[in-house]
1. Comparing A:Y137, A:Y42, A:Y17, which has the greatest mean-square fluctuation in the GNM of chain A with Cα pairs linked when under 10 Å apart?
2. Are there any helices in chain A, counted as whole DSSP H runs, that stretch 20 Å or more along their axis by Cα and score at least 0.5 on average by Kyte-Doolittle, and if so which?
3. If you take the charge dipole of the range A:1-121 about its Cα centre, with +1 on Lys and Arg Cβ and -1 on Asp and Glu Cβ, which of A:S40, A:P28, A:P103 is farthest toward its positive end?
4. Roughly what would the spin-label model give for B:L101 and B:L201, points 7 Å off Cα along C-beta, in nm?
5. Using r as the Cβ-Cβ distance of B:R302 and B:V114, and R0 as 35 Å, what FRET efficiency do you calculate, to the nearest 0.05?
6. Please give the net charge around A:P28, taking every other residue with its beta carbon less than 13 angstrom from that of A:P28, where Lys and Arg add +1 and Asp and Glu add -1.
7. Show log10 I(q)/I(0) for chain B at q = 0.13 Å⁻¹, two decimals, from a solvent-free Debye sum over equal Cα scatterers.
8. Where the only charges are on Cβ atoms (+1 Lys, Arg; -1 Asp, Glu), what is the dipole of the protein assembly as shown about its Cα centre, to the nearest 20 debye?
Amino acid sequence: MKSATYVERSNRPLRTYAMLFLAFLYVPVLFLPLFSFNDSLYVTFPLKAFTTKWYAQMLANEPMHAALMNSIRVGAASALFATILGVFGAKAVTRYRMPGRKPVVFTIMLPLVIPGIIMGVALLILMSRLGIPLSLYTVTLGHVLICVPFSMATLIARFEGFDKSMEEAAADLGDNAWWAFWRVTFPIVFPGILASLLLCFTISFDEFIMAFFLSSTEPTLPIYIWGQLRFPQKLPGVIALGSVILVVSFVVVFVSQWLRGRGVAQIPGEGR
Amino acid sequence: MTAPPVKLHKSWNSRLRALFIRSEAVRGYTLLSPTLIVMAFAMCAPFAILVTMSFWTQHAFEIDTAFTLRNYQAAIDGPIYKALLIRSLWISGTCAIVTVLVSYPMAYYVAFHVHRRKLVWIILMTLPFWTSYLLRVFSWKVILGYNGAINSGLKSLGLIEQPLEFLLYSPTAVVITLAHAWAAFAILPIYVSLEKIDRSLLEAAADLGDGPVVSFLRVTLPLSLPGVIAASLLIFIPTVGDYITPTLVGGPDGIMIANMIQVQFGRVNDWPMGAALAVCMMVVVALISLIYIWVTRKMTERIA
């Protein structure tokens, strides 16, 4: 064992700080589930009686179901297209040495830093000038655009640990490029692809700004929630719905990140 | 008569094939092309039309496509736009600084003091970021509200008589909410830059007699500056254009430039003006970012 300098020694104040930080991250979000079981129209302490009636109300809410289905359809389509584009991109930049790789990757990653409202209004203007009516398809287009950078980042992390000699071995053994990809590359990168699909689905499912500008009469779930926020008497229902969405998102993202990280750690010499 | 062209064609074909197989770059770009073309087109086309529209004018329900700088004139002359833009820059700047300051120790802790289950820590730190932005902002509204969780909680504990009014509908509320929402964007780059630091440098500093504080200031902090710079930009740039947070928790004093842009595309229905405001915002943010990058680069060069 290495002799412990102050670098390695555990640091109690820092640890406390880390715990407080995690509390800061999570406690605000936990207020939604807490109040979703509170038998009161108002979101105030002290808590009243325990109730599940807001959830019952939510389950009986038809417009909410429609919005949920819209969000699922948009999310699935966005995840699929973004991940396909992400696979091409990540494979290319990790497999081949290319001049100008950095600016190209930068271009693809740009939607990460462009304020959402700029992308939203720019696409809105484009659609209206091209005469394309707003629909769930336009929302999907916007979501693919913002999901591709996340998909690329997830997949690059996964592809970078990939030994290209394996693919070359498959090629030497007579597989063509497509078969080599399908039989060698794909099984190895599959966790990464799954992680990307899950992540993109969650991003699209929770995305608000693009959907706000690019949807028409069919709302996605966040747009539906936004519409409900104006009515105080609808607040508990929104809180119940929000709690469910939060819990599901947390689980899906945790699985996605875990798949991605675990995948990388399993490749020898990668990760810690 | 037709033989030579065919032969020529064939040799061209095989030459192209040879080039294709030989050149990594060509193969790489071929594979990359679907993604690159889609992304480049899906970004360039909307931006081109956004900029173009900012030179048009809206007449009632018609859009006049004659070139004019009137929108920009209005954007520069109207005191409200300037005030909103300055406030947005100020709020986002404050938010970037605050978020980086509170995230740094967290990233430092995970990079240097967590040895087992690092992955779990990283996931825990970034997990809320992936969940609904709208719902996270909404939960802050629930917490900070006039009769919200904090005020009603403190009141029922008997600590305060009147609700604290500064909590909701103020720039402070916007900064707190944004800092919470964007923390992951600060933690990850800082964490990555800290993780990259060669531990033997710290050992060397310790061997040469530097205490923890000195070696942090002389080794760790300078080497992690790229992460800090990236983090502050990753927060500053997108938050300038946020309008959900100001709408839900900002109140009249917390309204930002993006609210104004959104109104132009909604109620006011003056798209060219909205486009001009969006372009102004982008240009100002890009200029500030470039200056920031330039200044910090000069500074890090001097330290190194």
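1. For chain A, modelled as a Gaussian network with Cα springs under 10 Å, the answer is A:Y17.
2. Working: long enough: A:12-36 (36 Å, 1.35); A:62-95 (49 Å, 0.82); A:116-130 (21 Å, 2.16); A:136-160 (34 Å, 1.32); A:186-206 (29 Å, 1.86); A:235-266 (45 Å, 1.52).
Once both thresholds are applied, what remains is A:12-36, A:62-95, A:116-130, A:136-160, A:186-206, A:235-266.
3. After comparing all options, I get A:P103.
4. Computed distance between label sites B:L101 and B:L201 equals 2.5 nm.
5. Working: r = 33 Å, r/R0 = 0.93.
Computed FRET efficiency for B:R302 and B:V114: 0.60.
6. Numbers: positive: B:R136, B:K141; negative: none.
My count for the surroundings of A:P28 gives +2.
7. Each listed q corresponds, in turn, to -1.10.
8. Values: 43 positive and 28 negative charges, 232 e Å.
Result for the protein assembly as shown is approximately 1120 debye, rounded to the nearest 20.
The values are calculated or read from the model by the stated rules, or taken from the named source; none is laboratory data. All figures in this text were calculated on a predicted structure; none of them were measured in a lab. No Cβ is skipped: glycine too gets one built from the backbone with ideal geometry, and neighbour counts run over all protein chains shown. Note: accessible area is taken over every heavy atom of the protein model, side chains too, but ligands, DNA and RNA are not part of it. Shrake-Rupley method; radii C 1.70, N 1.55, O 1.52, S 1.80 Å.
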